[in-house]
Amino acid sequence: MSERHACRLVGLGRSTHRYRLRKAGRDSELRTRLKELAAKRMRFGYRRLTAMLVREGMPANHKRVYRLYREEGLAMRIRQRRRIHWKGMVTRPAATRPNERWSIDFVSDCVSPGKMIRMLTIVDECTRECPAIEVDTSLGGLRVRRVLDRIVSARGRPEAIVLDNGPEFRGRALAAWSEERGVRLEFIQPGKPVQNAYVESFNGRLRDECLNANWFTSLNDARCKIESWRQDYNQQRPHSSLDYLPPAEFARTQAEMSA
């Protein structure tokens, strides 16, 4: 029986029957690098890993990476977070330039002896940069003021700061600082953390990728590991809201466009 007749009987195209896989090992280099990145950044999904591979000059697209990602069993089970459905009105437009608006908040965790630590997190709403994460066992209003002064001296002052109604933010120290610096304080409504969504989202990444992934033996150990994560977040970590650019790189492009 001829090949043509046999293929017609089983409904198979002759080109499909004759096809032989070419370049069987063409994915080996990409597969190896993907596994290395996934082992180092266990909380990253395939899209963020794709962005990192492309930045390294690897010939990758998201479909190809997703196939290898599934074949290697790299997908991790992600705990679904409770969705907050916001039905209120948008109270302010999105920031369009650096230092237009910052968001600040507190995060709590503990070190191995059981001692609680607090972190003051600060995010630029336009570039998504985190200029500082202050870590200590106690952070009062005067300490918040000193941290903000340090950041302002390095990158300039913001036009406004979005914050909640915590006692550290509602005290006299921060109120006096805002008057002296000419910075507007925009307090969210009580019980509405979604109004401070930028820093809340950042805090979620901080907890998922740093706090839950590390064991802190002391306050100094926590400071070192959290600062290392902050630097990586600003300089290396692709941000989905910035077309998968790291915040620092996006900030540089904004500065070049405004120059």
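With respect to being out of contact with any Lys or Arg (no Cβ under 8 Å at 6 or more places or on another chain), of a type in the set (A, V, I, L, M), more than 14 Å from V107 (Cβ to Cβ) and crowded, with 19+ Cβ neighbours inside 10 Å, A251 fits the description. Of all residues in region 208-218, exactly one satisfies the criterion of being part of a helix (DSSP H, G or I), surrounded by 15 or more Cβ atoms within 10 Å (Cβ to Cβ) and out of contact with any Phe, Trp or Tyr (no Cβ under 8 Å at 6 or more places or on another chain), namely L211.
Kindly check whether there is at least one residue in region 222-242 that is in contact with an Asp or Glu (Cβ under 7 Å, 6 or more places away or on another chain) and farther than 27 Å from R97 by Cβ. Within region 222-242, not a single residue is in contact with an Asp or Glu (Cβ under 7 Å, 6 or more places away or on another chain) and farther than 27 Å from R97 by Cβ. Only one entry of K192, K225 meets the criterion of being of a type outside the set (D, E) and in contact with a Gly (Cβ under 8 Å, 6 or more places away or on another chain), and that entry is K192.
Just checking, does region 172-183 include any residue being under 19 Å from Q231 (Cβ atoms) and not β-branched (V, I, T)? Give the steps one after another, and end with the answer.
Taking region 172-183 as the starting set, the residues that turn out to be under 19 Å from Q231 (Cβ atoms) are none.
No, every residue in region 172-183 fails to be under 19 Å from Q231 (Cβ atoms) and not β-branched (V, I, T).
Residues in region 105-118 that are in contact with a Phe, Trp or Tyr (Cβ under 7 Å, 6 or more places away or on another chain) and either under 13 Å from Y198 (Cβ atoms) or modelled with pLDDT of 95 or more (or both): R118 only.
Restricting the first member to region 54-68 and to residues that are touching a residue at least 40 places away in the same chain (Cβ under 8 Å), and the second to residues that are of a type outside the set (K, R) and not in a loop (DSSP other than H, G, I, E, B), the beta-carbon pairs closer than 8 Å and six or more apart or on different chains are L68/L30; L68/L34. Of all residues in region 140-182, those being under 25 Å from P98 (Cβ atoms) and part of a loop (DSSP other than H, G, I, E, B) number 6. In the condition set (1) modelled with pLDDT of 95 or more; (2) closer than 24 Å to G141 by Cβ, S228 is compliant with all but (2).
Reported count of residues in region 100-133, each being out of contact with any helix residue (DSSP H, G or I) (no Cβ under 8 Å at 6 or more places or on another chain) and part of a loop (DSSP other than H, G, I, E, B), is 4.
Would you be able to say whether some residue in region 137-159 is exposed (fewer than 14 other Cβ atoms within 10 Å of the Cβ) and among the β-branched types (V, I, T)? Among the residues of region 137-159, at least one is exposed (fewer than 14 other Cβ atoms within 10 Å of the Cβ) and among the β-branched types (V, I, T), which makes the answer yes.
Condition first: within 21 Å of P246 (Cα to Cα), of a type in the set (K, R) and touching a residue at least 24 places away in the same chain (Cβ under 8 Å). Can you find one or more residues in region 135-146 that meet it?
In the first step, residues of region 135-146 are kept if they are within 21 Å of P246 (Cα to Cα); the result is none.
No, region 135-146 has no match at all.
Candidates are the residues of region 177-207 that are aliphatic (A, V, I, L, M) and closer than 24 Å to R92 by Cα; the one that is surrounded by the most Cβ atoms within 10 Å (Cβ to Cβ) is V199.
Among the residues of region 204-241, the one identified as aromatic (F, W, Y) and free of Cβ contacts under 8 Å to residues at least 24 places away in the same chain is W229.
The values are calculated or read from the model by the stated rules, or taken from the named source; none is laboratory data. Remember, predicted model here, so these are calculated numbers, not experimental data. Don't worry about glycine lacking a Cβ; one is built from the backbone with ideal geometry, like all the others, and counts go over all protein chains shown.
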